[in-house]
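So the structure is just underneath, and the comments pick up after that.
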Amino acid sequence: MSTLPYQGRCAFASLHPAVTLGFFAGAIVLSMVLANPICQVMSVLLAAACYLTFRGREAWRFIAGLTAVLLVVTLSAPLFNTQGATVLLRWWGGRPYTLEALALGASTGLMLVAMMLWFASFHLVMTSDKFTYLFGRAIPALSLVLTMVLRLVPSYRRKADALMTARACIGKGPAEGASVAARVRDGGSVLLSLSADALESAVVAADSMTARGFGLSGRTHFALFRWEARDTVLAVAMGALVVGAVAAFAQGGFAITYFPTIVWPSAGAAVLMGAVCYGAFLAIPAVINCGGRALWRYSLSKS
């Protein structure tokens, strides 16, 4: 379930679900396709900015963890890949630790971090009701499965935390400094309770779906989402920016080779324009959220 703060910070989430889904699909695909380190750095920075505008200070812990992931992936890549002409040092029987392998590891780490950041924001914005709205009529069964899968882990994590807190309050939880066996037994009790709750929830959900006429022909659908003029303007702008970035990619402007030596593409006008389009596209959520936050504060100052 999304845990977005006040409306001023989640202005992007208030857009039509088709627009937000289209943005995240474009951001994720382009972040994987455009393997140029400059594009990857832009993706990481703007994805981090996007996540920060959604979560505020709470996002720094997640970003710090991803920084550690980036360092591990970058520094460990030359340990397994010995290709490259520029040897930085030798280790373990003379195996080369090369600059080219290090650069490739950094590129892989940047792509991984960018994906995790974009999916973190995606999870906050694309809630289960939006998935049901977008795909409920066309593919109702798959839409239901996706909705249940997306909410499964967060839901049962909250229930597990509640169960462990309740057991600790009545003296049933493991004592401080308890042995591993005691903690395993306590975890087994929590897991048993969660399993019983899952079975009961499945029965309740099935009865509710039957009562609501799920799967019947002619069933009506209620939704709070409406396509507005701002959605049209933003969709056209996003499409134009994506076309500009893809056009530069199709001309080979973002191609880079790492072995035997690093060869950068020539920085022509098309490449620069494509990079600008790519950066402008990825900055859309952060800009909209910052603008919404500014308007929110302005409205509070006038009230």
If you scan region 49-63, which residues turn out to be among the basic types (Lys, Arg) and loosely packed, with under 14 Cβ neighbours inside 10 Å?
57, 61
Hey, among 46, 66, 30, which residue is open to solvent by 20 Å² or more (accessible area, probe 1.4 Å), outside any strand (DSSP E or B), among the aliphatic types (A, V, I, L, M) and out of contact with any strand residue (DSSP E or B) (no Cβ under 6 Å at 6 or more places or on another chain)?
46
Test: residue in region 117-135 that is modelled with pLDDT under 85 and within 25 Å of residue 67 (Cβ to Cβ):
no
Would you confirm whether any residue within region 260-271 is within 26 Å of the chain's Cα centre (by Cα) and surrounded by 12 or more Cβ atoms within 10 Å (Cβ to Cβ)?
no
As an exercise: evaluate residue 147 against (1) of a type in the set (Val, Ile, Thr); (2) open to solvent by 60 Å² or more (accessible area, probe 1.4 Å); (3) more than 30 Å from residue 262 (Cα to Cα) and give the number of the one condition it does not meet.
(2)
Extreme residue, modelled with the highest pLDDT, among residues of region 233-250 that are over 24 Å from the mean Cα position of the chain (by Cα) and open to solvent by less than 90 Å² (accessible area, probe 1.4 Å):
247
Pair list, Cβ under 6 Å, 6 or more apart: region 290-303 residue part of a helix (DSSP H, G or I), other residue open to solvent by less than 100 Å² (accessible area, probe 1.4 Å) and modelled with pLDDT of 85 or more:
292/11
Considering only region 165-196, how many residues are aliphatic (A, V, I, L, M) and not in a helix (DSSP H, G or I)?
3
Scan region 103-126 for residues that are over 8 Å from the mean Cα position of the chain (by Cα), free of Cβ contacts under 8 Å to residues at least 60 places away in the same chain and either open to solvent by 30 Å² or more (accessible area, probe 1.4 Å) or within 17 Å of residue 54 (Cα to Cα) (or both) and jot them down.
108, 112
When region 85-120 is checked residue by residue, the ones that are hydroxyl-bearing (Ser, Thr, Tyr) and over 26 Å from residue 47 (Cβ atoms) are 86, 97, 98
Please tell me if residue 253 is in a helix (DSSP H, G or I) and open to solvent by less than 40 Å² (accessible area, probe 1.4 Å).
no
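The values are calculated or read from the model by the stated rules, or taken from the named source; none is laboratory data. The structure displayed is predicted, hence computed values, not measured ones. Methodologically, a virtual Cβ is constructed for each residue, glycine included, from the backbone with ideal geometry; neighbour enumeration extends over all protein chains shown. Just the protein is used for accessible areas: all its heavy atoms, side chains included, with ligands, DNA and RNA removed. Shrake-Rupley method; radii C 1.70, N 1.55, O 1.52, S 1.80 Å.
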